[in-house]
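The values are calculated or read from the model by the stated rules, or taken from the named source; none is laboratory data. Quick caveat: nothing in here was measured; it's all calculated off a predicted structure. FYI the Cβ positions are ideal-geometry reconstructions off the backbone, even for glycines, and counts take in every protein chain you see. The accessibility values were calculated without ligands, DNA or RNA, using every heavy atom of the protein model including side chains. Shrake-Rupley method; radii C 1.70, N 1.55, O 1.52, S 1.80 Å.
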Amino acid sequence: MEVHYGDRMVTAADNLSDQKSHIYGLVLSSAGIEYELVRTGCGSQIRVKQSDVEKAVCSINAYLEENPDPAKNDKNAGFDYRGSYAGIWAALFLLVWHVAIVSGNDLNRFIPVFGASADKIINGELYRCVTAMLLHADALHLAGNMAAIAIFGSAVCSIAGWGVGLLMILFTGIAGNFINAVCYQTAHISIGSSTAVFGCIGLLCAHQVFKKMSVPGRRFSAVVPVAAGLALLGLMSSGSRVDITAHLFGFSAGLVFGSGWTLFVKRMPSAGYQCISLLSGILIIMLSWLRALWS
């Protein structure tokens with residue numbers, strides 16, 4: 001608070017909106033401090049007696065500490081969203097890969113080599129956690145995952161950026177497939193990028209949880225994003241051929257990565273980091289497929 005001393009009345013708060021001047025006036029009245037409100041070209045001033053100025057400033061500061069500005073808290077919870085279409089590019093990548101590699105061939109030849117086989121992953125063939133995400137059983141399976149990654153993937157990239165966001169999505173899919181393999185330990189095998197799709201949902205849920213928890217009065221609503229994510233998990237995991245545990249572990253990995261991102265990253269990474277992250281993700285995919293072919 002800037003304080004200007006005059007003969008009798010001094011300024012305790014300056015450049016106030018009508019709403020803030022009204023609130024500060026109530027704060028001073030409740031503290032038993034006489035004040036006058038003066039309109040200026042830059043808003044309003046609250047003036048008090050010179051003998052009361054220290055008490056007035058302390059009362060206003062105490063109110064601000066107990067009632068922080070929700071808009072300010074929202075801004076400090078991570079950073080603003082930036083529109084992104086990176087999820088659409090990721091969906092097109094799935095389509096191009098499927099048409100170029102799988103289409104026209106017998107899928108049964110690909111699954112034993114590239115599928116997420118639990119026992120083989122446990123025995124060291126970790127590349128399967130990556131290669132399995134680019135295999136889809138049929139056009140419907142592919143279309144569903146393309147639509148989901150376009151929507152949820154773009155949302156993640158609007159938070160983390162087009163390179164870092166896609167790399168995190170890839171890592172959630174890898175982590176989900178690996179944990180799923182550890183749990184099964186047997187000849188269980190799965191394909192598809194739906195594990196990464198639920199990683200996207202987990203990332204978004206975690207971001208919203210911490211964003212809401214940072215705003216007083218909205219902390220109870222922080223459970224809503226997780227509840228919504230679990231509802232989507234149940235809705236999108238119905239069917240006899242669906243690997244619900246892989247979906248669940250992808251979602252859980254997304255919660256972990258999203259929590260770390262929101263808590264520790266306070267600004268959007270630069271274009272250089274985005275480019276390095278994107279190239280790293282592409283390199284991981286290519287090396288995984290080359291490793292599978294070499295085997």
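Among the residues of the range 23-33, those identified as assigned to a helix (DSSP H, G or I), surrounded by fewer than 13 Cβ atoms within 10 Å (Cβ to Cβ) and not aliphatic (A, V, I, L, M) are 29, 30. Restricting the first member to the range 50-67 and to residues that are under 14 Å from residue 23 (Cα atoms), and the second to residues that are in a helix (DSSP H, G or I) and of a type in the set (Phe, Trp, Tyr), the beta-carbon pairs closer than 6 Å and six or more apart or on different chains are 60/24.
The set of residues in the range 126-160 being outside any helix (DSSP H, G or I) and without any contact (Cβ under 8 Å) to a residue 60 or more places away in the chain consists of 126, 135, 136, 138.
Condition check for residue 282 on (1) open to solvent by 10 Å² or more (accessible area, probe 1.4 Å); (2) touching a residue at least 24 places away in the same chain (Cβ under 8 Å); (3) within 26 Å of residue 97 (Cβ to Cβ); (4) not small (Gly, Ala, Ser): one failure, at (2). Could you identify the single residue in 155, 132, 118 that is over 22 Å from residue 278 (Cβ atoms) and at pLDDT 90 or above? Matching residue, one of 155, 132, 118: 118. Every condition in (1) open to solvent by 70 Å² or more (accessible area, probe 1.4 Å); (2) at pLDDT below 85 holds for residue 85 except the one numbered (2).
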